[in-house]
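Enquirer: My questions will all concern the structure given below.
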Protein chains: 2
Amino acid sequence: MDMLWNGWGDPAEAAPLPGAVTALLRDLLGVRPRTAPAPALADVRLPAATVAPAALRALAEAVGGDEHVRTDTESRVRHTRGKSTPDLLRMRAGDFTDVPQAVVLPGSHDEVLAVLRACAAHSLSVVPFGGGTSVVGGLAPQRSAFVTLDLRRMNRLLDLDPVSRTAVLQPGLRAPEAEGLLAAHGFTLGHFPQSFEWATIGGFAAARSSGQASAGYGRFDEMVLALTLATPEGVIETGRAPRSAAGPDLRQLVLGSEGAFGVITSVTVRLRPLPETRLYEGWRFRSFDDGAAALRRLAQDGPRPTVLRLSDETETLIGLAQPDAIGAGRERSDAGCLMITGYEGTAQDTARRRERAAAVLTECGGASAGPEPGEQWARGRYSAPYLRDALLEAGAFAETLETAAFWSRIPGLYRAVRTALTDTLTDAGTPPLVMCHISHVYENGASLYFTVVSAQGEDPVAHWAPAKRAAAEAVLAAGGTISHHHGVGTDHRDWYVREAGPLAVSALRAVKRRLDPDWLLNPGVLLPTD
Amino acid sequence: MDMLWNGWGDPAEAAPLPGAVTALLRDLLGVRPRTAPAPALADVRLPAATVAPAALRALAEAVGGDEHVRTDTESRVRHTRGKSTPDLLRMRAGDFTDVPQAVVLPGSHDEVLAVLRACAAHSLSVVPFGGGTSVVGGLAPQRSAFVTLDLRRMNRLLDLDPVSRTAVLQPGLRAPEAEGLLAAHGFTLGHFPQSFEWATIGGFAAARSSGQASAGYGRFDEMVLALTLATPEGVIETGRAPRSAAGPDLRQLVLGSEGAFGVITSVTVRLRPLPETRLYEGWRFRSFDDGAAALRRLAQDGPRPTVLRLSDETETLIGLAQPDAIGAGRERSDAGCLMITGYEGTAQDTARRRERAAAVLTECGGASAGPEPGEQWARGRYSAPYLRDALLEAGAFAETLETAAFWSRIPGLYRAVRTALTDTLTDAGTPPLVMCHISHVYENGASLYFTVVSAQGEDPVAHWAPAKRAAAEAVLAAGGTISHHHGVGTDHRDWYVREAGPLAVSALRAVKRRLDPDWLLNPGVLLPTD
């Protein structure tokens, strides 16, 4: 099934905000109901596709038939942009400037190579497309005419090696499909990002996704053992061993390349046994600093839970107040900060880790909140994007952004980003609610994930832009990385160039020129075009 | 102090082989005593250095004085080649074709940049030099005249962050110096390769070293959080967070670049607390397959010892027989395979892991051999290269090579390499003893480390070459990587190019052209020059 074209997920799962919440948004943040309803897909009128008939014929030949080259309005609209809030707002506003001219669906690695050859022959730019869940402008290249390469037909498990605990997956597999195929053999990937229900294996690799259970299973880039990359100049195959001293790690050049170097046509991943037991629970800490110190202790000295997540005071209050009363949080300012700990594995292993972690958390000043907050988190773990749709529908603005840094920089980074968002939006007349959590920890640092809710400005996309810019500047100034797991896309490109530095970017551009000399792949995504 | 110029380590530590071993080498392998003694350093006569006086002046200016630019014979000889057996044999044979024209000793990052500018201005090739322990021809570029950049003056701890558990180290620090500086703050790197006593931090990073405690502390490339790279075109600084989704991981492009992209001038590493307890012990398994299955079980399901190492039947026999009777092993063919397990950490943690690992190993058919084999291994962990010197002195040939693969390919890889070495050397009239161990394990695979001892041929370097080629071909054919932790250098370059594939190599060459347009840095090391 397809995702909602101008929102998130399965339309049947959408839920309106309770009236009380709408009232509170109004009283607390000055949110006013939207005046114009969003257009219906049936009413969308696009300019006709401009791809030459000869090019369409070449594409059809590359993918074995006309039925796999689509130029109808619905296909084109459904492949327009990703799922950032500005993306959704532009779709709702009827802005179709980033619509592809055609959608091509290859069925194999060889067909991907043939599509790239056809695109080169006809000077067509190409945007690889997995689940379409980018929130950083990764599907909006800086080229007015392009075709989208949708990998959904490449959705097979190609090989599974139970001895090495590896599997070769095609890139178009959505995460639940991949988990289903692996579960039949008793294995799991353990990759559960918020986009889990829609995003694909190829997208996870291309954008360095990280899931909610990263403390236990690692990030997606840590799960990848080998890759096949189809480029206009040929094929790169990497990964003959878990680790090697044979030169630079080429896997790490493909991971995070966001479709700018080529199309990932297979991904060999590390497998873990399906857990016997899954157990999630809550802990309360007096402050975000106290909670963060406890996270750090577990990340550095163990034991490591599978899921480890800490909300700041504001996010804890809002979470407590949901779904029926955001304002009620005000009376509960002693709520402190909520931590979720999760354990997955054999019954013996989860019991052992849980017992030892509980001792550490208690020693760090935590108080057990029992299983209920953990179970509530697990039930709602994929629902935040639906909530965003409801907030947008109610006239509010809601967006997220994230970063990571070494531990000693986390407090300063937290303050800097929070202040930048709050000040910019307050100055613009829409004081926001800024919430934050840590959801990915490492021995040497952690991520920070911010959620911003405010009233929409007159032009909500333009209204948000200065706040996003201020947050990005704050990230760089405070020593963070411009993205811990969303990627670069076009939205973060200018800051990415500053973070990586001109010489490194120039070296990556040299790689791109070698693999994609006509600069057809995702122009302007990740790397600047000039 | 300096290493022995035509052998390994501190000459005071050298020990001759017992007479009985010499006799056994003769009876078992047909080893004949060498006829000509190795030349003394004082007798070496080199052709005069050809670097133009203006270039020498520019280099002296770059490093703040004449005393840091050396053209004397001893300095040049001590920077000739690395420590592979062919390297040592060539030195002993008085072959100085790979001698540098001068040795330059920069004292800082800025001085490294100044040296690179001077080299560019005077068209001088440059070989970065850490501990000089390369065993893959990493110090023998394909250029007749070059200068060596010795980083020994850059041996400071620049920063230590106990909260993030990170430290910034200069590249010329030898591992024991680095461990000493970190130990003063209660930390360790945990990187203990066989080259530990001599090799440097910069070299570990440039060549993707892996230490004997990699099961617990990880490989060196896994310890690196940030790097500074000085290139002829400027500086690359990478690593603002433990992990990031901001594009390809540039650290992983610098790691393994073997001096071909630039000179690593600082390395930010992950720290671990100094262990309270260190405990090593032995286990016996009926066969290499049984032992490997037990290793895999620990690597995949835990608990993970800090050191994990398994010798095959031949290495076990030889190890048992040392130092007094290699032949005695023949009567002890029931010795099976020896595994060493080591635990480092807090007293509680080592006790806990040891108890659980013992249960797993017993379940897998292992029999405890008590602490003695572990302690013996720990005592001798850095002594094998000394033993090689004694073997060479006695007229034997001894060399090592290593690879890695996914678990399901390990048995076939083991057989293929063993057969290639045995058959080639037997056909050449010098039947070898081929020993192997697994000393680095991962969830999805492991390394194989081979040691070969045989009689020397007439021209021992030329005699060995076909066996080395046969082993490398066997590695590629059986699905292994051409190096797990020694690197590529010039010795493995042709196989590395085949392993990585022409397009990937071409992309790396594009990176090199961008960073080193005159191809001054380590020409022919890692990447082919044409």
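Enquirer: Hey, if you drop one equal point scatterer on each alpha-carbon of segment B:173-298 and run the Debye formula without solvent, what base-10 log of I(q)/I(0) do you get at q = 0.10, 0.12, 0.15, 0.20 Å⁻¹?
Expert: Calculated log10 I(q)/I(0) at the listed q: -0.39, -0.55, -0.79, -1.15.
Enquirer: Can you tell me what the convex hull of the Cα atoms of segment A:25-91 projects to on average, as an area in nm²?
Expert: Taking the Cα atoms of segment A:25-91, their convex hull projects to 6.5 nm² on average.
Enquirer: Same structure, new question: Å³ per residue of the Cα convex hull, for the protein assembly as shown?
Expert: Taking the convex hull of the Cα positions in the protein assembly as shown, it is 159 Å³ per residue.
Enquirer: Right, another one. Please work out, to two decimal places, the log10 of the ratio I(q)/I(0) at q = 0.13 Å⁻¹ from a Debye calculation in which every Cα of segment B:272-416 carries one identical scatterer.
Expert: -0.65
Enquirer: Summing Lys, Arg as +1 and Asp, Glu as -1, what charge do residues with Cβ under 12 Å from the Cβ of B:ALA48 carry, B:ALA48 excluded?
Expert: +1
Enquirer: For segment B:402-506, rounded, prolate or oblate, judged on the Cα gyration tensor with a ≥ b ≥ c (square roots of eigenvalues), a/c < 1.5 rounded, else prolate if a/b > b/c?
Expert: Cα axes put segment B:402-506 in the oblate bin.
Enquirer: For B:ASP27, go 7 angstrom from Cα along the Cα-to-Cβ vector, then report the distances to that same point in the other copies in nm, smallest first.
Expert: 9.8
Enquirer: Quick one: in segment A:164-210, what % of C-alpha pairs are over 12 Å apart?
Expert: 59 percent
Enquirer: If you take every DSSP beta bridge fully contained in segment A:59-215, what fraction is antiparallel? Give it as a percent rounded to 5.
Expert: Restricted to segment A:59-215, the bridges split so that about 45 percent are antiparallel.
Enquirer: Okay, moving on. Could you state the principal axis extents of the C-alpha atoms in segment A:119-240, from the largest down, to the nearest angstrom?
Expert: Reported extents, whole Å, longest axis first: 45, 29, 22.
Enquirer: If you take the C-alpha gyration tensor of segment B:346-456, multiply each eigenvalue by 5 and take the square root, what semi-axes do you get, largest first, in whole Å?
Expert: Semi-axes, largest first: 32, 20, 12 Å.
Enquirer: How crowded by other chains is B:151-164, given as the mean number of beta carbons from other chains within 10 Å of each beta carbon?
Expert: 2
Enquirer: For segment B:445-488, what is the per residue volume of the convex hull drawn over the alpha-carbon atoms, in cubic angstrom?
Expert: Enclosed volume per residue, from the Cα hull, is 83 Å³.
Enquirer: Right, something else. Measuring from label point to label point, each 7 Å out along Cα→Cβ, what is the A:SER368 to A:ASP423 span in nm?
Expert: Here the answer is 4.4 nm between the modelled labels.
Enquirer: Mind checking the mean number of beta-carbon atoms from other chains within 10 Å of the Cβ atoms in A:493-506?
Expert: 5
Enquirer: Of the GluC sites (Glu not before Pro) in segment A:416-519, which ones lie in a loop per DSSP and count no more than 10 other C-beta atoms within 10 Å?
Expert: Filter output for segment A:416-519: A:GLU458.
Enquirer: Further question: Multiply the residue separation of B:ARG143 and B:GLU458 by 0.36 nm, subtract the distance between their alpha-carbon atoms, and state the gained length in nm to one decimal.
Expert: This chain segment gains 110.6 nm when fully extended.
Enquirer: Let me ask another. Per DSSP helix of 4 or more residues, -39500 (n - 2.57); summed, then divided by the residues of chain A. What does that give at 222 nm, rounded to the nearest 500?
Expert: Computed ellipticity for chain A at 222 nm equals -10500 deg cm²/dmol.
Enquirer: Between copies, how far apart are the A:THR362 label points? List them in nm, one decimal, shortest first, with each point 7 Å from Cα toward Cβ, please?
Expert: Reported distances to equivalent positions: 3.0 nm.
Enquirer: Which lysines, on any chain, are close to A:LYS468 with Cα under 22 Å apart, when same-chain ones fewer than 8 places away are left out?
Expert: Straight-distance partners of A:LYS468: A:LYS83.
Enquirer: If the label for A:THR277 sits 7 angstrom from Cα along the Cα-to-Cβ line, what are its distances to the same label in every other copy, in nm to one decimal, shortest first?
Expert: Its label point is 2.4 nm from the equivalent points in the other copies.
Enquirer: Just the number, please: percent antiparallel of the DSSP beta bridges in chain B, rounded to the nearest 5.
Expert: That works out to approximately 85 percent antiparallel.
Enquirer: Right, something else. Counting just the Cα atoms, what span does chain A cover along each of its three principal axes? Round to the nearest Å and put the largest first.
Expert: Each principal axis gives a Cα extent; for chain A these are 67, 59, 45 Å.
Enquirer: Next question. Where does segment B:454-528 land on Rg/Rh, using Cα atoms and the Kirkwood Rh?
Expert: 1.06
Enquirer: Any idea of B:HIS486's accessible area? Nearest 10 Å², probe 1.4 Å.
Expert: Approximately 40 Å² for this residue.
Enquirer: A further question follows. Would you give the gap between the C-alpha center of segment B:213-248 and the C-alpha center of segment A:55-107, rounded to a whole Å?
Expert: 38 Å
Enquirer: Same structure again: Please work out the Kirkwood hydrodynamic radius for segment B:12-170, using every pair of different C-alpha atoms, and report it in angstroms with one decimal place.
Expert: By the Kirkwood definition, the hydrodynamic radius is 18.1 Å.
Enquirer: Quick one: compute the contact order of segment A:1-151, relative version, from alpha carbon pairs under 8 angstrom and 6+ residues apart, as a percent.
Expert: Rounded, it is 25 percent for segment A:1-151.
The values are calculated or read from the model by the stated rules, or taken from the named source; none is laboratory data. The model shown is predicted, which means the values in this text are computed figures rather than measured ones. A quick note on method: Cβ atoms are made from the backbone with ideal geometry, for glycine too, and the neighbour counts reach across all protein chains shown. Heavy atoms of the whole protein, side chains included, go into the accessibility calculation; ligands, DNA and RNA do not. Shrake-Rupley method; radii C 1.70, N 1.55, O 1.52, S 1.80 Å.
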